[in-house]
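Student: After the structure tokens below, expect a handful of questions from me.
Please treat every number below as a calculation from the coordinates, not as lab data. Everything numeric here is computed off the predicted structure, so don't read it as measured data. Counting neighbours? That spans all protein chains shown, and the Cβs are built from the backbone with ideal geometry, glycine included.
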Amino acid sequence: GIRRKDCNVLVVGLDNSGKSTVLNHFKSPDCKDSNVVPTIGFSVEKFKYKNVHFTAWDMSGQGRYRNLWEHYYSDCQGVIYVVDSADKLRLAVAKDELDILLKHPEIKSRSLPILVLANKMDLRDALSPVKIVQGLGLDQDLVKDKPWQIAATNALTGDGLAAGADWLSDQIQ
Ligand code: GTP
């Protein structure tokens, strides 16, 4: 797991990608400090697991709140980007949102590790991680200076999450 000092990890992605299901795996059963902080129409979920502060929100349809969530960029040390592997129709939307994130000055200027979860890999028509890499353009410019990793996951069972989290924690150390 992630050790030593506290760090901040953002968990983002489109609605229905599986963010809450992923987060539930990192929450201990007695986790009391999980809270949802609603602002005007935009809500952020925050909780702490061991020494990792997770901050999560839903990007889709919320572009008008972008200036609110951008405040979280400057002090994060890692990003988990959750994608629904079976949502072929919205893979292009997921790419657009990821691009906007990667182009933000606070993200662009730093060698921030990006963990992409190709979630819902259990679904019959899920795209392979290779296809998700292509669809998101992870082989292209915007991420060439950043450590990134893709992990196929099933957030319902937790399959693949530990490997992804281990990679991210190694990057943050
Ligand atoms: P919003 O709250 O809308 O932002 O969605 P979210 O990204 O938090 O997704 P959520 O965790 O609520 O999951 C959306 C739906 O997908 C739920 O019905 C989950 O049970 C389901 N789901 C999440 N992960 C997986 C997975 O790996 N496989 C399958 N088959 N279903 C999943």
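Student: If each DSSP helix of 4+ residues adds -39,500 (n - 2.57) and the sum is divided by the residues in the chain, what number results at 222 nm, nearest 500 deg cm²/dmol?
Tutor: Values: 6 runs with 49 residues, N = 173.
One gets -7500 deg cm²/dmol as the mean residue ellipticity at 222 nm.
Student: Arrange the following residues from fewest to most other Cβ atoms within 10 Å of their Cβ: 59, 121. Display every interim value, and only then the final one.
Tutor: Details: 59 23, 121 20.
Least to most surrounded, the residues fall as 121, 59.
Student: Under a crude label model (7 Å from the Cα following the beta-carbon direction), how far is residue 46 from residue 140 in nanometres?
Tutor: Inter-label distance under the simple model: 3.4 nm.
Student: I would also like to ask the following. Determine, for 20, 169, 85, the number of other Cβ atoms within 10 Å of each Cβ, and report the residues in order from fewest to most.
Tutor: By the 10 Å Cβ count, ascending: 20, 169, 85.
Student: What number comes out for the charge environment of residue 94, summing +1 per Lys or Arg and -1 per Asp or Glu over other residues with Cβ under 13 Å away?
Tutor: Summing Lys and Arg as +1 and Asp and Glu as -1 gives -1.
Student: In a shell of Cβ-Cβ distance under 13 Å around residue 121, excluding residue 121 itself, what net charge do Lys and Arg (+1) and Asp and Glu (-1) give?
Tutor: -2
Student: If you don't mind, another one. What is the distance in Å between the Cα centres of segment 56-87 and segment 137-160?
Tutor: So the separation of the two Cα centres works out to 15 Å.
Student: Another question, if that's okay. Fewest first, what order do 110, 64, 124 take by the number of other Cβ atoms within 10 Å?
Tutor: Numbers: 110 14, 64 10, 124 5.
Fewest-to-most Cβ neighbours within 10 Å comes out as 124, 64, 110.
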